[in-house]
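A quick write-up on the structure given underneath.
No value in this document is a laboratory result; all are computed from the given coordinates. In this text, all values refer to a predicted model and were calculated from it rather than measured experimentally. No Cβ is skipped: glycine too gets one built from the backbone with ideal geometry, and neighbour counts run over all protein chains shown.
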Amino acid sequence: MHLSTGETSIDVEGGVSPAIPHPTVGSSDVDPSSSSVVKAIEFADFGLDPLIMRAVTELGYRHPTPIQAQAIPVVMSGKDVMGAAQTGTGKTAGFALPIIHSLLPLASSSTSPARHPTRALMIAPTRELADQIYENVKAYAQYTPLRCTAVFGGMDMRPQTAALRQGVEILIATPGRLLDHVEQKTVNLSQVKLLVLDEADRMLDMGFLPDIQRIINLLSPNRQSLMFSATFSDEIRKLARTFLDKPVLIEVARRNALAENVEQTVYRVDSDEAKRAAVAHLIRARALEQVIVFSNTKLGAGRLARQLQKEGLNAEAIHGDKSQQERLQTLEAFKQGGIKVLVATDVAARGLDIVELPAVINYDLPHSPEDYIHRIGRTGRAGATGVALSLMLEKDQRYLGDIEKLIKVKLNVEPLDVAFPGRGSAATRGNGDASRGFVPERSREAASGGSAEREGSREESSDGSRETGRAGSREKASREGSSARREAAPRRDPGVDRDRQPRRGSPPVAGRSNSKADPFFSRPYEPASDSIDLAPPGPTESLHGPESRRQVRKVAALLGGKPGEY
């Protein structure tokens, strides 16, 4: 463990630094036998407010984790902090508990919004992480007069605006939605004295730096700033120094370290089809009860989820194109065990706290090696064991090298041969796919196009009618027959008289082509000298003539009337 303040640097292996005598509390999910737990400290020794200790006791927290043991006393001392720890080690409690403790002297039981100004601001990069922080803070502060709320995108702003106008001391937000409320003048940040950037490196990597800078400019310069994340690159550290004042750096593991209790294996497959089939194969072969599968793209996540559903697995996808309500419902169903496989993009890779998740699968190797650390950090939390499986193609070798370089570990790579629908003999494979042992979808569709059309013509329609398909087949056959007859018919030459050209559908007449054309048909058009008088009949004849009456009777009968009425 490493702690530095600019003047002091202390390294302690596997324990708490003696320079920090203050204890803290941890999570009941932490295994006391784990090396990541500080066992000699009780929460009562820390000196938290009794209202906080009541909530902590009911939540079952007993032992602190290293990040909690090191961060909480520093936060309570009023210093800026840069805390780096593996995911699942309790960073949220590491900053939420001391903040609640420091705000309690200013708490008020009044119902007036003016007595509940925003004093602490916690910013998270994703909606899911913001909602998770809110749930934790609400649980820690449930017996205090402090109010808290969360604002993030994808949800209606009106309930958020109503909560903000009632007054909240602790506000959890994503950068974009927070600036929306600032522009609507529904929140005032001038009295914020505590700023927390959770998963700070992710926020800066995702391009939130301009938004973060705008938010910081709205805050008082006399504030305490905290940054917590699983990794801190040198670039992030340099940027952090621009708005942190002499921060205390706390690292409970080496930089970019991985949990030692997570089994990591990489499987090499030879095609995208084999990779999709490998996911279902690994889930069944290893009897995984719950698993998160990570995809690099939203389209790939949705496609893989549908494929797994066809394989008989209870799978759902979560990505940025889903509404916030759908994402929250899917996450809740997964946490409750209603969903077995959660296919996610990296939007779910940060900050999700799912207890005892046995495994994660990297369907795509991440393009950023830091994301690999956060993905597999979803399993093996709080001292439990976990499994991290990754699939790769030959083209992904560069990404694998970047990951191994960052974590300084040579990963075990094994070939995986998986059978999937469409794998056939070399004679039926496409030109470029014969060596890989599968038939591309397009090739299979082209090869079976005729039978598919015949089957489609016999397929019953949704309203139960089967005649539509048959009629369509007869129509199609009729059109094809007409087209064939037109193609077979001889084309007429515009330079030859029409009478000399054979007509379609009529047998040729012997000697017709050699006979002389009738000069009558070659003469120009001449109007007739005696034209027929086409003047309309007089009114009396038209109205009272016998022929007209008969026509009226016929029309009346046709329209449903009685001829006798006219």
Show me 155-164, 318-327 ranked by packing, highest mean number of other Cβ atoms within 10 Å first.
318-327, 155-164
What is the spin-label model distance, in nm, from T242 to T385 if the labels are put 7 Å beyond Cα along the C-beta direction?
4.6 nm
For Q166 paired with K340, estimate the spin-label separation in nm (one decimal), with each label point 7 Å from Cα along the Cα-to-Cβ line.
4.2 nm
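Rounded, prolate or oblate: pick one for the range 38-134, where a ≥ b ≥ c are the square roots of the eigenvalues of its C-alpha gyration tensor, a/c under 1.5 means rounded, and failing that, prolate if a/b is larger than b/c, else oblate.
Oblate.
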Could you work out the local net charge near V192, counting Lys and Arg as +1, Asp and Glu as -1, over the other residues with Cβ closer than 13 Å to its Cβ?
+2
Rounded to the nearest 0.05, what FRET efficiency do R523 and T186 have when you use their Cβ-Cβ distance and R0 = 56 Å?
0.05
What's the exposure ranking of R381, R177, R398, R54, going from fewest to most Cβ atoms within 10 Å?
R398, R54, R177, R381
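Net charge near V360, counting Lys/Arg +1 and Asp/Glu -1 over other residues with Cβ under 10 Å of its Cβ?
+2
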What FRET efficiency comes out for E260 versus Y143 if R0 is 56 angstrom and r is the Cβ-Cβ distance? Round to the nearest 0.05.
0.90
If we count every other residue with Cβ under 12 angstrom of E404's Cβ, Lys/Arg +1 and Asp/Glu -1, where does the sum land?
+3
Pop a pseudo-label 7 angstrom from the Cα along the beta-carbon direction at both E135 and K410 and give the gap in nm to one decimal.
4.2 nm
What's the FRET efficiency of D45 with D417 using the Cβ-Cβ distance as r and R₀ = 56 Å, to the nearest 0.05?
0.50
